[in-house]
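Notes for the one structure printed next.
The values are calculated or read from the model by the stated rules, or taken from the named source; none is laboratory data. Only a predicted model underlies this, so the values are computations on that prediction, with no experimental measurement involved. Neighbour counts run over all protein chains shown; Cβ positions are idealised from the backbone, glycine included. Note: accessible area is taken over every heavy atom of the protein model, side chains too, but ligands, DNA and RNA are not part of it. Shrake-Rupley method; radii C 1.70, N 1.55, O 1.52, S 1.80 Å.
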Amino acid sequence: MKTSISSKYDSSGFHSRYDRNFRPTPSSIQLAGGRMCTRIICTASEGDNLPGPRGAFSPGQEAAARQGLFNRIAPVYDELNNTLSFGQHWVWKQMTVKWSGARPGGKALDVCCGSGDLALLLARLVGPRGEVTGLDFAAEMLEDAAARQEAQRLEGMPPKAASITWVQGDAMSLPFEAGSFDAATMGYGLRNVANIPAALSELHRVLRPGCSAAILDFNNCTDPFPDAVQAFFLEQLVVPAARRYGLAAEYEYLRPSIKRFPTGSELERLAREAGFAVARHYPISFDLMGVLVATKGRAR
């Protein structure tokens with residue numbers, strides 16, 4: 001397994017439901033090409049007031065806290081995903097792979113690959129003449145992904161899939177040359193990076209002109225009814241289920257991380273600011289999930 005430097009992960013955006021005294025602190029960052037963007041951060045004391053593992057929302061602590069979180073949930077991650085989504089996560093992931101524009105013989109990247117679902121789907125799509133790279137910052141997730149790939153190989157399924165290279169690395173500083181990939185995906189990862197504009201800028205950099213990234217995540221819906229349904233689902237079903245595995249704190253992290261995540265229209269704006277020519281956010285599954293599809297402009 002190839003490795004590179006792990007990253008500092010957090011999310012931008014906020015929601016006062018979790019801290020009535022929360023006030024965002026703006027800071028300016030510079031993207032590739034000199035573009036400036038404003039992001040929202042929270043102070044350590046504000047982050048400590050949010051549910052989830054200690055330090056998961058506190059600047060300077062979030063990297064270790066979130067890396068530890070994903071390493072801890074790795075053994076039960078796939079089982080819980082499948083059970084709690086009633087198997088629907090496979091539908092959402094297949095849609096994401098389709099919207100990425102990956103084609104047979106192409107070179108595809110899955111950032112924040114986790115246990116490898118999207119990377120394995122990409123490998124089937126690009127076929128034996130294609131290449132797939134899966135990148136994540138959690139070593140135990142990558143070990144699980146590699147084990148799943150090997151199990152599929154030994155079982156002879158799928159017979160015509162690309163090989164996958166698993167890389168431990170930083171979504172905000174991808175260890176690849178510019179214009180390396182024909183398609184990119186990210187599943188439930190953009191919400192967890194420290195600097196969303198920088199991660200989008202890196203996706204833009206490593207894609208070839210005219211190619212797309214498809215980014216699946218929970219939808220920070222502004223409609224009160226889907227938002228209430230999402231809150232009920234997470235707080236009354238997901239967290240109690242996770243508690244049976246001793247992982248309640250890890251899954252309590254989900255709701256505040258979603259409400260601190262940019263909305264669909266905000267994600268479209270951030271993608272365009274990162275350099276993408278076209279960006280469209282598609283709410284799916286009754287607005288509970290969403291897929292951002294961002295396309296890099298063609299070379300002139």
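Scanning segment 189-219 for residues that are among the acidic types (Asp, Glu) and open to solvent by less than 10 Å² (accessible area, probe 1.4 Å) returns a single hit, Asp217.
Screening Glu131 with (1) more than 25 Å from Arg298 (Cβ to Cβ); (2) touching a strand residue (DSSP E or B) at 6+ places or on another chain (Cβ under 8 Å); (3) charged (D, E, K, R) gives one miss only, at (1).
Quick grid of which residues meet (1) at pLDDT below 95; (2) surrounded by fewer than 19 Cβ atoms within 10 Å (Cβ to Cβ):
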position: Arg103; (1), (2): no, yes
position: Leu109; (1), (2): no, no
position: Gly134; (1), (2): no, no
position: Gln152; (1), (2): yes, yes
position: Gly156; (1), (2): yes, yes
position: Glu177; (1), (2): no, yes
position: Ser180; (1), (2): no, yes
position: Gly187; (1), (2): no, no
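Figure legend. Inter-residue proximity from segment 128-151: first residues over 16 Å from Asp78 (Cα atoms), second residues among the small types (Gly, Ala, Ser) and open to solvent by 40 Å² or more (accessible area, probe 1.4 Å), beta-carbon distance below 6 Å, spacing 6+ or different chains. Indicated pairs: Phe137/Ser6.
Screening Pro158 on (1) under 16 Å from Leu118 (Cα atoms); (2) in contact (Cβ under 8 Å) with a residue 40 or more places away in the chain; (3) not aliphatic (A, V, I, L, M) shows it passes everything except condition (2).
Taken over segment 253-280, the criterion of being among the aliphatic types (A, V, I, L, M) and in a loop (DSSP other than H, G, I, E, B) is satisfied by Ala274, Ala277.
Applying the criterion of being free of Cβ contacts under 8 Å to residues at least 24 places away in the same chain and within 16 Å of Asn220 (Cα to Cα) to the residues of segment 251-280, the residue that is most open to solvent (accessible area, probe 1.4 Å) is Arg280. Scanning segment 235-250 for residues being in contact (Cβ under 8 Å) with a residue 24 or more places away in the chain and open to solvent by less than 60 Å² (accessible area, probe 1.4 Å) gives a total of 6.
Going by the conditions given, is Thr185 farther than 30 Å from Asp287 by Cα and in contact (Cβ under 8 Å) with a residue 60 or more places away in the chain? In short, no.
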